[in-house]
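Here the structure comes first, spelled out in structure tokens, and everything after it is commentary.
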Amino acid sequence: MSTPDTPLGPRTTDHGPRSFRTLGIESSCDETAVAVLEADGRVRCNLISSQVAAHAPYLGVVPELAARHHLETLPRLLAEAEREAGLGDIELVAVTRGPGLIGSLLVGTCFAAAYAWARKLPLAGVDHLEGHLVSPFLSLDGAPAREAPDPALTLVISGGHSSYFLLAGGDARPLNRTRDDAAGEVFDKIAAALGLGYPGGPAVDRLAELGDPGAFAFSVPRIKDPTGALDFSFSGLKTNAIRTAQELTALPLPDPANPPQAVLDLLASFRRTVVDWLLAPLDELVARHQPQVVAASGGVAGNRELRARLAAWGRSRGIEVVLPPVALTTDNAAMIARAGQLRAARGILDDPRAMAAYPRAAWKAASGPGGKPMFPKL
Ligand code: KG4
Ligand code: ZN
């Protein structure tokens, strides 16, 4: 016998946790995204509307503009999802609650809560990072979502994160962190100095393909930490790379579409160094935690060299490496819908009348292997 369906309580059956056909909504920064996942995590539709063009004249995201764009775009994407996937039998609404731009988050959470309330559907508020953590286990070729093997080691590398996490027993625990800039942030700052536009990661990645990664030797700091945290630090590398570029040529580049060969070599060497640094703690962390798989997620997990090098590392060690499709590395609503499904399966739901958004990370990053678990059950 099943418990009755209610918008505010978990729905379970005698046959274990229930799965829900889910509508996902993501609006934490400058991408408006709506997705529909079948109950088994199959991605039925994954819509993303980028605001890059709207913010480009200001060389960064303008919060007020972002919130207004979300407000205009969400109803349009919802109508598109209705046409593509049908919303009549949606059983759960999942939405990003934080961290992010508060105005943008409020648009998404109010929209999702109103939709859930009006249709008497359960609502799951999800942390954006939780979405990135589950994204490697989603596919875009019609396959159901995969259960994350337990334990799994996941490297989350985005505009705001550069940490390995251990996913074990339904919890996600940060194992290290960056002491200064996030990995995506350094790609963006190099790109900004060169005049390559925002976000800069994809442009630097593309141009780095044309350069010689051995041309410049950048050193990376070794952080000595008595807790054995294996932390990252990227700001020295960033300054060094920008200073070297200034010595090579006038910045910003007069013709950013065709940089001189020396700049291409510099970008290739920079990318090689970032990837070296990101992969440096891997062997040690695998030895400590014995994961069944190693995964990567977040925008920088779309980087060509990172993907190739991580896959090669996995082959050489006989460890499975799981990477999300490139389209699911950057912000999307499919990952939010999936994280919502996993929350709902554990009975963790939110009251649509009282769901607050939060702008800052809701947990304290631990700086060592003995750190505390991050957010409730994943
Ligand atoms: O996950 P994401 O879309 O947003 C955040 O949660 O931050 O990540 C965006 C970041 C940006 O800094 C962007 O420059 C970087 O990911 N990025 C890349 C690549 N694609 C996106 N960095 C390096 N190589 C790429 N191919
Ligand atoms: Zn993100």
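Just a few scattered comments:
- Cβ-Cβ under 9 Å pairs, at least 6 apart or on other chains, the stretch 20-33 side under 13 Å from G98 (Cβ atoms) and away from ligand 2 (no atom under 11 Å from the Cβ), far side part of a strand (DSSP E or B) and modelled with pLDDT of 95 or more: S27/A33; S27/V95; S27/T96
- Per-region count, the stretch 220-253, residues at pLDDT 90 or above, in a loop (DSSP other than H, G, I, E, B) and polar (S, T, N, Q): 2
- Qualifying residues in the stretch 112-130 (those that are within 22 Å of the chain's Cα centre (by Cα) and of a type outside the set (D, E)) - the one nearest to S50 (Cα to Cα): H128
- Long-range neighbours under 8 Å by Cβ, at least six apart or interchain, first residue in the same structural domain as Q261 (by TED's automatic domain parsing) within the stretch 186-208, second among the acidic types (D, E) and more than 6 Å from ligand 1 (Cβ to nearest atom): K189/D181; D205/E305; A208/E305
- Applying the condition of being more than 22 Å from I48 (Cβ to Cβ) and not in a helix (DSSP H, G or I) to the stretch 299-321 and asking which residue is nearest to ligand 2 (Cβ to nearest atom) yields V321.
- For the stretch 50-87, a tally of residues being more than 20 Å from I102 (Cβ to Cβ) and modelled with pLDDT under 95 returns 6.
- Selected residue (criterion: nearest to P324 (Cα to Cα)) from residues of the stretch 101-146 that are more than 16 Å from ligand 2 (Cβ to nearest atom) and of a type in the set (S, T, Y): S139
- The residues listed here are A183, A192, A152; of these, the one that is closer than 21 Å to N240 by Cα and touching a strand residue (DSSP E or B) at 6+ places or on another chain (Cβ under 7 Å) is A183.
- Residue satisfying condition, being loosely packed, with under 13 Cβ neighbours inside 10 Å and within 27 Å of S163 (Cα to Cα), within set P202, P254, P226: P226
- Condition met for P281 (closer than 19 Å to S233 by Cα, buried (at least 17 other Cβ atoms within 10 Å of the Cβ), more than 16 Å from ligand 2 (Cβ to nearest atom) and not assigned by TED's automatic domain parsing to the domain that holds V134): yes
- Qualifying positions in the stretch 254-264 - part of a helix (DSSP H, G or I) and within 14 Å of A203 (Cα to Cα): V263, L264
- The test for being assigned to a strand (DSSP E or B) and under 27 Å from G211 (Cα atoms) holds for A296.
- Within this structure, A268 passes the test of being touching a Leu at 6+ places or on another chain (Cβ under 9 Å) and either outside any strand (DSSP E or B) or at positive phi (or both).
- Output for the stretch 264-310, where each listed residue is basic (K, R) and in contact with a helix residue (DSSP H, G or I) (Cβ under 6 Å, 6 or more places away or on another chain): R271, R304, R309
- When K120 is tested against (1) assigned by TED's automatic domain parsing to the domain that holds G228; (2) at pLDDT 95 or above, exactly one condition is not met: (1).
- Residue in the stretch 174-199 that is farthest from ligand 2 (Cβ to nearest atom), counting only those that are under 13 Å from K238 (Cα atoms) and in a loop (DSSP other than H, G, I, E, B): D180
The values are calculated or read from the model by the stated rules, or taken from the named source; none is laboratory data. Remember, predicted model here, so these are calculated numbers, not experimental data. As a convention, Cβ positions derive from the backbone with ideal geometry for all residues, glycine included, and neighbour counts pool all protein chains shown.
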